Amino acid sequence: MIKISEDKIKFKRKIYKQKEIYYITYKKYWDGGFDNDASLSDKADFYRVANLFSDAIKKIVSALNDYIVIGNNFSQKECMFESWSDKKSYDCYNNLRSYIKKNKSYALKCSEDDLIIDCIVENNFRYLACIDLYLPNSKVILQPTCHSELFIYAEDYNKILPVLKEVTDNSELVLSKNAFDWK
């Protein structure tokens, strides 16, 4: 992971205002991770699913021969971390913050930064962070959400649809399309 200068990366925020986007889901819906009193079995299931999504992200980035850019200016919310008062009590949040500093932008490579990608997915799924993953060469945003899904925003879905299908074929993950009514 290296710090980068934001002005060298072209990013158009209008990519978020599409009428239809693709997304990847799982059969079980995790809203914000697991409860504090969750059983070990539930926690294990959550982390198994988070790992499926993390692996899918890495496969997408690798198949597109791209890298990931993260930072406040490359995200829908313009803020990478949620503002919960107790977030510092979560080890996963503290682990991620040891890698990522506020108001900085970074370039990640799947081959070198897979642990950081895992941390981002876990924190986004647990609603402690809202870090979008921008793929600058492909003009794609991968947005892991706290609802155990991965929203995919792209300037041209025709270029990435074969990759998305390949990643979700023969997998527990499901590729779907969603329509939005932006008024």
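The values are calculated or read from the model by the stated rules, or taken from the named source; none is laboratory data. All of these numbers come straight from a predicted model, not from anything done at the bench. Cβ atoms come from the backbone with ideal geometry, glycine included; neighbour counts cover every protein chain shown. Keep in mind that these areas ignore ligands, DNA and RNA; they rest on the heavy atoms of the full protein, side chains included. Shrake-Rupley method; radii C 1.70, N 1.55, O 1.52, S 1.80 Å.
Taking 25 Å as R0, compute the FRET efficiency from the Cβ-Cβ separation of Lys159 and Glu112 and round it to 0.05.
0.50
What does the highest-first list of 35-46, 135-146 look like by mean Cβ count within 10 Å?
135-146, 35-46
May I ask for the net charge around Lys12, where only other residues with Cβ less than 12 Å from the Cβ of Lys12 are counted and Lys, Arg are +1 while Asp, Glu are -1?
Within the 12 Å Cβ shell, the charges total +4.
For region 117-183, what's the radius of gyration and Dmax over Cα atoms, in angstrom?
Every Cα atom of region 117-183 included, Rg and Dmax give 12.8, 37 Å.
Explain nothing, just the number: relative contact order of the chain, from Cα pairs under 8 Å at least 6 residues apart, as a whole percent.
Over the chain, the number comes to 39 percent.
Normalising by the residue count of region 84-162, find the relative contact order in percent from Cα pairs under 8 Å and 6+ residues apart.
Once divided by the residue count of region 84-162, the mean separation gives 19 percent.
With every protein chain kept in the model, how would you rank Cys79, Cys130 by accessible area, 1.4 Å probe, largest at the top?
The ranking, largest first, comes out as Cys79, Cys130.
Calculate the spin-label point distance for Tyr90 paired with Ala63, positioning each point 7 Å from the Cα along the beta-carbon direction, and give it in nanometres.
2.9 nm
Relative to the compact globular guide of 2.2 N^0.38 Å, what is the alpha carbon radius of gyration of region 71-112, as a ratio?
Output field value: 1.27.
Of Lys27/Lys102; Lys77/Lys104; Lys8/Lys101, which ones are farther than 23 Å apart at the Cα?
Listed pairs above 23 Å: Lys27/Lys102.
Round to a whole number: what % of the accessible area of region 1-95 belongs to carbon and sulfur, probe 1.4 Å?
Carbon-and-sulfur percentage of accessible area, whole number: 48.
So which helices of the chain fit the span-like rule, where a helix is a whole DSSP H run, its Cα atoms reach 24 Å or more along the axis, and its mean Kyte-Doolittle is at least -1.0?
Going by DSSP H runs, the hits are 40-63.
Report, to two decimal places, the Cα Rg of region 1-159 normalised by 2.2 N^0.38 Å (N = number of residues).
Dividing the Cα radius of gyration by 2.2 N^0.38 Å gives 1.00.
Could you give the Stokes-Einstein D for region 72-183 in µm² per second, using the C-alpha Kirkwood radius, 25 °C, 0.890 mPa s?
Taking Rh from Cα pairs, D becomes 160 µm²/s.
Accessible area per residue of region 105-147 at 1.4 Å probe, in Å²?
28 Å²
Can you compute the label reach from Asp169? Point 7 Å from Cα along the Cβ direction, backbone N cut-off under 18 Å, restricted to region 60-75.
Within reach of a label on Asp169: 60-65.
If you roll a 1.4 Å probe over the heavy atoms of the protein chains, what accessible area per residue do you get for region 1-45, in Å²?
Value for region 1-45: 75 Å² per residue.
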